[in-house]
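The values are calculated or read from the model by the stated rules, or taken from the named source; none is laboratory data. Keep in mind it's a predicted model, so treat the numbers as computed, not measured. All Cβ positions, even for glycine, are placed from backbone atoms using ideal geometry, and neighbour counts span all protein chains on display.
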Amino acid sequence: MSGGPELISADDERFSVKTLKDSLRDHRIQMVFQGMFSQDILTLIGLSLRRRPNSEILSRRLFALVIEMSQNIYHYSTRKVYSDKDKRYIGTGIIGLGEDDDYNLLVSGNYMDTSKTQALLDRSTYINTLDDVGLKKYYQEQRKKPRTDGMPGANLGLIDMRRKSGNLIGVHVMKIDEKDSFFVLTLKIRKD
């Protein structure tokens with residue numbers, strides 16, 4: 001084997017970009033990014049969302065939700081890579097944007113510390129039980145609380161995502177082992 005270009009057949013069992021593209025199309029996935037969520041990547045995602053054929057308000061809302069999801073990955077993913085530009089380790093994960101007839105769907109995933117999964121599930125369940133008035137009150141209560149040592153934010157991300165999406169947040173955690181679990185967050189945003 002020369003190491004140069006090679007012709008492969010359509011039924012080759014190795015990874016196929018065509019199969020990936022066909023699968024994304026069949027599942028109505030318009031955009032997927034996997035890797036380190038830097039400011040540069042978020043800028044490109046924002047440009048892509050602004051060019052989508054929908055309302056400007058919906059594009060801004062989708063971008064705001066992508067920012068929230070990427071901040072969760074940036075701060076909480078247990079899989080990190082070093083960013084020369086930021087001079088620090090940054091979390092890695094995946095974010096995808098798809099649709100069905102009535103909704104835009106945003107999904108993110110990243111590895112997380114298994115010991116923190118139950119608290120995350122409990123918090124998500126609680127947030128999903130609240131109506132709009134309850135969400136606003138809970139948001140205000142959380143803003144007033146002092147920050148927890150070692151935590152980068154004010155614990156407002158899930159509340160913000162629930163409020164901005166206008167729907168329940170979908171949370172799924174797959175335990176990998178005693179140390180790592182894989183966290184999946186799904187948001188539905190009405191198209192109209």
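Screening Ser59 with (1) closer than 23 Å to His172 by Cα; (2) of a type outside the set (D, E, K, R); (3) out of contact with any strand residue (DSSP E or B) (no Cβ under 7 Å at 6 or more places or on another chain) gives one miss only, at (1).
Selection of the stretch 50-75 for residues being within 15 Å of the chain's Cα centre (by Cα) and under 21 Å from Gly166 (Cβ atoms) yields Arg61, Leu62, Phe63, Ala64, Leu65, Val66, Ile67, Glu68, Met69, Ser70, Gln71, Asn72. All conditions but one from (1) at pLDDT 95 or above; (2) more than 26 Å from Gly166 (Cα to Cα) apply to Thr129; the one that does not is (2).
Scanning the stretch 155-172 for residues that are surrounded by 14 or more Cβ atoms within 10 Å (Cβ to Cβ), modelled with pLDDT of 90 or more and in a loop (DSSP other than H, G, I, E, B) returns Asn167, Leu168, Ile169.
Conditions (1) among the basic types (Lys, Arg); (2) in contact with a Leu (Cβ under 9 Å, 6 or more places away or on another chain); (3) crowded, with 17+ Cβ neighbours inside 10 Å, marked per residue:
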| position | (1), (2), (3) |
| --- | --- |
| Gln34 | no, no, no |
| Arg52 | yes, yes, no |
| Ser59 | no, yes, yes |
| Leu62 | no, yes, yes |
| Ile73 | no, no, yes |
| Ser77 | no, no, yes |
| Thr92 | no, no, yes |
| Asp100 | no, no, no |
| Leu105 | no, yes, yes |
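Among the residues making up the stretch 177-187, those that are more than 15 Å from Leu120 (Cβ to Cβ) and surrounded by fewer than 18 Cβ atoms within 10 Å (Cβ to Cβ) are Asp177, Glu178, Lys179. Sub-7 Å Cβ pairs linking a first residue in the stretch 158-171 that is touching a residue at least 12 places away in the same chain (Cβ under 8 Å) to a second residue that is among the acidic types (Asp, Glu) and in a helix (DSSP H, G or I), at least 6 apart or interchain, are Asp160/Glu68; Met161/Glu68, ordered by first then second residue.
When the residues of the stretch 112-130 are filtered to those that are in contact (Cβ under 8 Å) with a residue 60 or more places away in the chain and assigned to a helix (DSSP H, G or I), the one that is nearest to Asn72 (Cα to Cα) is Leu120. For Pro152, the test of being surrounded by fewer than 18 Cβ atoms within 10 Å (Cβ to Cβ), at pLDDT below 95 and in contact with a helix residue (DSSP H, G or I) (Cβ under 6 Å, 6 or more places away or on another chain) is passed. Answer yes or no: is there a residue in the stretch 80-93 that is touching a residue at least 60 places away in the same chain (Cβ under 8 Å) and of a type in the set (Ser, Thr, Tyr). Checked against the condition, which is being touching a residue at least 60 places away in the same chain (Cβ under 8 Å) and of a type in the set (Ser, Thr, Tyr), the stretch 80-93 yields no hits at all.
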